[in-house]
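Take a look at the structure below.
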Amino acid sequence: MRFLSGLKILLSAAVLLASPNLYALPQMNMAPGVTPISREMYFLHMTIFWICVVIGVIVFSIMFYSLIRHRKSRGVKPATFHENLKLEIFWAIIPLIILVVMAFPATKVLLNMEDDSDADINIKVTGFQWKWRYEYLDEGLNFFSNLATPLDQIQNKAPKDEWYLLEVDKPLVVPVHKKIRFLVTSNDVVHSWWVPHIGIKRDAIPGFIHEAWAKIDRPGIYRGQCAELCGLNHGFMPIVVDARPEADYLEWVKAQKLAASQPPGTVQSPSAPMTKPELMSNGEQVYTRLCAVCHQPTGKGMPPAFPALIGSPITVGKVSEHIHIVLKGKPGTAMQAFELQLNDKDLASVITYERNAWGNDSASKYGKEAGGLIQPSDIATARKQLNGK
């Protein structure tokens, strides 16, 4: 009876594992994905999984049967034989055959994953702390993709929406039915570009370029995350891939090229000086989107990794030094160069905001250099001076 009870438990477990409802649960299994490679990986994963299930059922069935059938209380005497050559050969050959059977489909999938030849589109993916930069090498386009989750949600001041920590301001837009080659690297520390539905997970390592490819079958939004612990805000690096029909993709490329044809410091800089309310309003939005994660909305930072901006020598000191560090960053720290990420208007706004928020504009407390308004034209001039133009 006990043996039958054990057998019932094993059969129940097998039925549960075979139920499609189990795999419908999120985070419980791989998804087949929307690319040929992701489906091959899924098939390989399920093949190996079921081989392991069969092996487990056979091994544990024999083991439990032996434990129950040949237990000491029934008066069974243990065998005393040693060095059975036939048995040793048998249990060495069987695992070898199983491994060879599993190696064939695994090798085929690995070879397909590495075949990135004849790509239609080449995109360079660069990891930054904590954002991604995408460069369309054939189109001459590039942009940064930042976390778009409102800070109030992160700080538990507002309800979290469906895509909490999984939404970005600018998704990676790609066409369907085209072979896309991704060149993945990093600007600072080790990241990992991982989008499960397109079957790609590539480490982004400074100084190295790792390749991957995808050919997406269905239009849609596919999400991923950085899969390598890369620092304090590692969880703030979502990935969003927007796969569109080719005609829509070409329209998007056309619009992006038109916007990119107007370089920083020319059309993006308004002809008339901006007022302080305009600079502060826009600066607060830019600061909240890009700076508050490290320096905090209160400007108090998280020392020593992220210094406070309240009364900082940078934010109450010389304007030229403030502009320089925002444009060029600070090597050896998490402070990035923003000269390629923001236009003149946004740079002037965020620097003005940092110099006038949290009491940083108090001349009686910090001296005559404190406060001040920075105009887009000042940023344009600084760009030319710093870049030797």
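Before moving on, here are some points about what is shown:
- Which listed residue is modelled with pLDDT under 95, of a type in the set (D, E, K, R), assigned to a helix (DSSP H, G or I) and more than 30 Å from Lys178 (Cα to Cα), from Glu88, Glu83: Glu88
- Selected residue (only one of Val168, Val190, Val174, Val184 is in contact with a His (Cβ under 6 Å, 6 or more places away or on another chain) and either touching a residue at least 60 places away in the same chain (Cβ under 8 Å) or not basic (Lys, Arg) (or both)): Val184
- Pairing each residue of segment 137-163 that is farther than 30 Å from Lys124 by Cα with any residue that is of a type in the set (Lys, Arg) and open to solvent by 80 Å² or more (accessible area, probe 1.4 Å), provided the two are 6+ apart or on different chains, yields C-beta distances under 7 Å for Gln153/Lys160.
- Ile314 being modelled with pLDDT of 90 or more, under 26 Å from Phe144 (Cα atoms) and part of a helix (DSSP H, G or I): no
- Total residues in segment 193-225 satisfying the condition of being in contact (Cβ under 8 Å) with a residue 24 or more places away in the chain, touching a strand residue (DSSP E or B) at 6+ places or on another chain (Cβ under 8 Å) and in a loop (DSSP other than H, G, I, E, B): the figure is 6.
- Residues of segment 298-310 that are touching a residue at least 24 places away in the same chain (Cβ under 8 Å) and buried (at least 16 other Cβ atoms within 10 Å of the Cβ): Gly299, Phe306, Leu309, Ile310.
- Pairs with Cβ under 7 Å, 6+ apart, first in segment 326-353 and under 24 Å from Pro303 (Cβ atoms) and modelled with pLDDT of 85 or more, second among the acidic types (Asp, Glu) and in a helix (DSSP H, G or I): Tyr353/Glu284
- One residue stands out among those in segment 339-389 that are within 28 Å of the chain's Cα centre (by Cα) and over 24 Å from Ala272 (Cβ atoms): the one that is most open to solvent (accessible area, probe 1.4 Å), which is Leu340.
The values are calculated or read from the model by the stated rules, or taken from the named source; none is laboratory data. Keep in mind it's a predicted model, so treat the numbers as computed, not measured. Please note: Cβ atoms are built from the backbone with ideal geometry, for glycine as well, and neighbour counts cover all protein chains shown. Quick note on the areas: whole protein, heavy atoms, side chains included, nothing else; ligands and nucleic acids left out. Shrake-Rupley method; radii C 1.70, N 1.55, O 1.52, S 1.80 Å.
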